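Asker: Have a look at this one before I ask anything.
The values are calculated or read from the model by the stated rules, or taken from the named source; none is laboratory data. No experiment lies behind these values; they were computed from the predicted model shown. A quick note on method: Cβ atoms are made from the backbone with ideal geometry, for glycine too, and the neighbour counts reach across all protein chains shown. Surface areas here come from the heavy atoms of the whole protein model, side chains and all, with no ligands, DNA or RNA. Shrake-Rupley method; radii C 1.70, N 1.55, O 1.52, S 1.80 Å.
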Amino acid sequence: VCAVVPTRLIAALARFTAFETVARRASFDPALQSLEIRAVARALRADYLVTGNVAGEGESLLLGVELIEGDTGRQAWSTALTPDESGALTPDRAAEEIARGLSGELLRLSRSRARDAAARGDALGSVEASRDTLLQSSRSAIAAAKADARRAVALAPHSGHTHALLASAIAEEIVNGYAADLDAARAEALGAAEQSLLLSPDDHAVLKYAGHALAICGEHEHAERVLRRALDLN
């Protein structure tokens with residue numbers, strides 16, 4: 001179990017496109033073994049590290065897992081796995097359970113960091129906060145996402161990401177029937193989408209959000225070209 005779980009866990013976490021995982025070969029470099037945990041994080045350029053330990057054997061086996069903040073060395077999350085009713089703890093089951101728990105906790109931490117960064121006036125934080133809030137789709141959530149996107153545009157007017165998120169937020173407002181002035185909202189969304197494409201024509205994330213806005217605003221052929229370009233890039 002000890003030798004296989006890390007490999008299976010890296011593969012399981014790689015399915016979550018929001019996370020970038022370090023390859024097993026780099027993670028298990030012998031040169032890192034003697035370093036303090038924060039030094040390991042710096043060497044791997046990792047925001048978080050996953051560590052584990054095994055105690056006991058057979059039915060009393062206990063697999064402990066910790067998520068460590070790379071910059072502080074503090075424990076952000078932990079869990080413990082034990083054998084199932086059959087007395088087995090397979091690497092596949094362990095990796096899947098750990099991955100599910102980690103993915104939820106990492107998303108929560110990412111949202112919290114984005115909100116803190118947005119509150120400090122950080123453009124990227126405002127973009128991430130807007131993206132997360134948009135997923136909730138309620139009137140108040142979309143209004144908050146649009147406000148975060150406007151703040152991001154003001155902070156970083158030369159970033160394609162900020163304009164793309166603004167276009168997407170307004171488009172969500174339109175498609176959900178929340179826009180007070182449909183023509184004005186459509187014009188602003190299209191303007192923000194075009195500006196994002198002008199600033200970042202080769203960024204697949206920008207193209208995705210801009211294409212989404214263009215489609216909702218009725219520019220279907222243009223949207224299809226943009227989205228196909230996003231697919232080509234990623």
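Asker: If you average the alpha carbon positions of the stretch 1-72 and of the stretch 181-234, how far apart do those two centres end up, in angstrom?
Answerer: 38 Å
Asker: At a probe size of 1.4 Å, how large is the accessible area of Arg93, to the nearest 10 Å²?
Answerer: Ignoring ligands and nucleic acids, Arg93 comes out at about 60 Å².
Asker: If you take the beta carbon distance between Ala43 and Glu66 as r and set R0 to 22 Å, what does 1/(1 + (r/R0)^6) give as a FRET efficiency, to the nearest 0.05?
Answerer: 0.75
Asker: Quick one: accessible area per residue over the stretch 137-234, 1.4 Å probe, rounded to a whole number of Å²?
Answerer: With all protein chains present, the stretch 137-234 gives 50 Å² per residue.
Asker: Moving on. Ile216: accessible area at probe 1.4 Å, nearest 10 Å²?
Answerer: We get 50 Å² for Ile216.
Asker: Right, next: Report the calculated FRET efficiency for Asp183 and Val22 (r = Cβ-Cβ distance, R0 = 41 Å), to the nearest 0.05.
Answerer: Here the calculated transfer efficiency is 0.25.
Asker: In addition: How high is the FRET efficiency from His220 to Ser138, r the C-beta distance, R0 25 Å, rounded to 0.05?
Answerer: 0.40
Asker: Taking a point 7 angstrom from the Cα of Arg108 along the C-beta vector, which residues in the stretch 47-77 have backbone N less than 20 Å away?
Answerer: Inside the label zone: 47-52, 64-77.
Asker: Amide H of Asp47: which non-local residues (sequence gap of 5 or more, or other chain) have their own amide H closer than 5 Å, using H built in the peptide plane?
Answerer: Excluding prolines and chain starts, which carry no amide H, there are no hits.
Asker: In square angstrom, rounded to the nearest 10, how much accessible surface does Arg74 have for a 1.4 Å probe?
Answerer: Number for this one is 140 Å².
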